[in-house]
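This report refers to the structure that appears directly beneath it.
We did not get these values from a lab; they are worked out from the coordinates using the rules stated. Keep in mind the model is a prediction, meaning the values are calculated, not measured. Here the Cβ positions follow ideal geometry from the backbone for every residue, glycine too, while neighbour counts run over all protein chains shown.
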Amino acid sequence: MTAFDLIVRGGTVATGSDVMNCDVGVKHGRIAALGLDLGSAGTIIDATGRLVLPGGIDSHVHLAQPSGPDVVQSDDFESGTRSAAFGGNTTVIPFCLQERGQSLRQAIQDYHAKSDGQCYTDYGFHLIVSDPTPTVLGQELPAAIGDGYTSFKVFMTYEGLALTDEEILKVMAVARSSGALVMVHAENYDIIRHLTAKLESEGRIAPRFHATSRPIPAEREATHRACTLAEVADVPLVIVHVSNGEAIEEIQRARARGVKVLAETCPQYLMLTAEDLDGLNMEGAKYVCSPPPRDKPSQDACWAGIERGIFDFYSSDHCPFRYNDEKGKLVPKGRTSFRWVPNGIPGIETRLPILFSEGVMKGRIELSHFVRITATNHAKAYGLYPRKGSIAIGADADIAIWDPSITRTIRHADLHDGSDYTPYEGLEVTGWPVTTLVRGHVVVENGVLKARKGTGAFLVRGKSAFVPD
Ligand code: MN
Ligand code: MN
């Protein structure tokens, strides 16, 4: 009898705090030993010359989410989590959307029906609260938080999703009494509505005017307001998908006042600008997401926010649509304005390679910093730590083995999602995750899918480490 089911041998192991040369012994899906000369095992994976990292946790993902009339997302839970695993992720936290008029309980049932038995990675759900009725606030939301849905998102913009400031305060009060973490999409709805109508009346309807319709001040103001509402409600909050330096300043000002603000940025704000929306005909629609990619100074500010540790999370905000498809980015006939282009871009598989290459390999951040903002901090904030987010004894054996010497040119043809393009086509990166283990199961090995769907399990999450007792 061998001591371990599996040993990852000879690699360089990195956690959010340390880098060490040791072997990893796995038993019953959990990490049982870190050490040298661990002996024999049923399976040995040779990681010589490779990095052994905690599997990525992508805590901002949209899969199979209703996205408006006649529009269909291009990833379900099967294709989305398959693509995630190929990109070195072992856990994803997609959103479970309550549609207006729908009970929260029904929304949760619907998402379980879509995801049960379909996933290659482990997964949980953040709730999206779009209809904070007295029943939702008084019964359904507290019950859901108690059942392990310990974080939820509210929107300050979007038809059918936007809450008033008073509604946000009511929802934050539930977060405070029930111990949940609130995530906020911060953009000023009235500014966007006003500018959209104005641009359309002037005939400025091409995809690039999407960026014009949601300028930096709309995000800056809403970021300030979200922090202020959290300050009044006395709750921590997460500002998701921060795109520019003025929003970062608002976050730092709130932190200086003592507000517990966690901040997230995404690959699109580090790698794209509004100029990408300028493509011929509808090509710019490929880059339409909200907030939109900004200018070069904004990109530099987001990189500085990564380097200086201002951002707690780096997530994909994977929200995929096909490009060459009337149910996707090529909006149905008659709907000619940017207003109808579905908001969101794919990025679940390229998230980690982009930051590894542009951040770690280019010397902007050290390896442990990469691990923190791609895995460890997500686990802590969303109630999965210490089971997830680290390579530690007793943790789930969620491991991504990276070859730091591979140079690849990103091509959509090589990715595993359900879209028909990547915004990063042609980008050359160094380093790629070659093998992904989920609770000790080999899901991807040397670029080949090895597991069946259903290997990924639903996660009942505990309380956020950032929510006080
Ligand atoms: Mn959002
Ligand atoms: Mn999103």
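Please state the charge dipole magnitude for the stretch 55-360, taken about the Cα centre, from unit charges on C-beta atoms (+1 on K and R, -1 on D and E), reported in debye and rounded to the nearest 20. Provide the component values of the computation, followed by the final result.
Working: 29 positive and 41 negative charges, 60 e Å.
So the magnitude is around 280 debye.
Secondary-structure-derived ellipticity at 222 nm for the chain, considering helices only, amounts to -7500 deg cm²/dmol, per-run term -39500 (n - 2.57) for DSSP H runs with n ≥ 4.
For the chain, the longest principal axis of the Cα atoms and the long axis of helix 216-233 meet at an angle of about 70 degrees. Working from Cα positions, state the angle (0 to 90°, nearest 10) between the long axis of helix 104-115 and the longest principal axis of the chain. That helix lies at roughly 50 degrees to the long axis. Using alpha-carbon pairs under 8 Å, 6+ residues apart, how would you state the relative contact order of the stretch 55-360 in percent? RCO, the stretch 55-360: 19 percent.
Put the Cα centre of the stretch 135-201 next to the Cα centre of the stretch 427-442 and the gap is 35 Å. Computed over the stretch 357-439, the range of Cα coordinates on each principal axis works out to 39, 32, 22 Å, biggest value leading.
Expressed as a whole percent, the proportion of Cα-Cα pairs in the chain lying more than 37 Å apart is 22%. Taking every C-alpha pair closer than 8 Å and separated by at least 6 residues, the mean separation divided by the residue count of the stretch 339-469 gives a relative contact order of 25 percent. Each of the GluC sites (Glu not before Pro) that DSSP puts in a loop and that has at most 16 other Cβ atoms within 10 Å breaks the chain; the longest unbroken stretch is 203-325. Neighbours of Ala64, meaning other residues whose beta-carbon lies under 11 angstrom from its beta-carbon, give a summed charge of -3 when Lys and Arg score +1 and Asp and Glu score -1. Panel order for Ile354, Ile168, by other beta carbons found within 10 Å of each beta carbon, from fewest to most: Ile354, Ile168. Applying a threshold of 23 Å to the alpha-carbon distances of Lys153/Lys260; Lys296/Lys362; Lys362/Lys450; Lys296/Lys380; Lys286/Lys327 flags Lys362/Lys450; Lys296/Lys380 as lying beyond it.
Each residue of the stretch 303-317 was assigned a 3J(HN,Hα) from its phi angle through the Karplus expression (A = 6.51, B = -1.76, C = 1.60, θ = phi - 60°), giving 4, 4, x, 5, 4, 8, x, 6, 8, 7, 9, 10, 10, 8, 6 Hz with x at Gly and Pro.
A simple count of charges around His28, restricted to other residues whose Cβ falls under 11 Å of its Cβ and scoring Lys, Arg +1 and Asp, Glu -1, yields +1. Work from the charge dipole of the stretch 55-360 (Cβ charges, +1 for Lys and Arg, -1 for Asp and Glu, about the Cα centre) and give the residue of Pro142, Ser201, Met172 farthest towards its positive end. Value computed over the given set: Ser201. Here the Karplus relation 6.51 cos²θ - 1.76 cosθ + 1.60, evaluated at θ = phi - 60°, turns the backbone of the stretch 419-436 into coupling constants of 7, 10, 7, 10, x, 10, 3, x, 6, 8, 10, 10, x, 8, x, 9, 9, 10 Hz, with x for every Gly and Pro.
The region of the chain that goes longest without hitting one of the trypsin sites (Lys or Arg not before Pro) in a DSSP loop, each with at most 16 other Cβ atoms within 10 Å, is 101-203.
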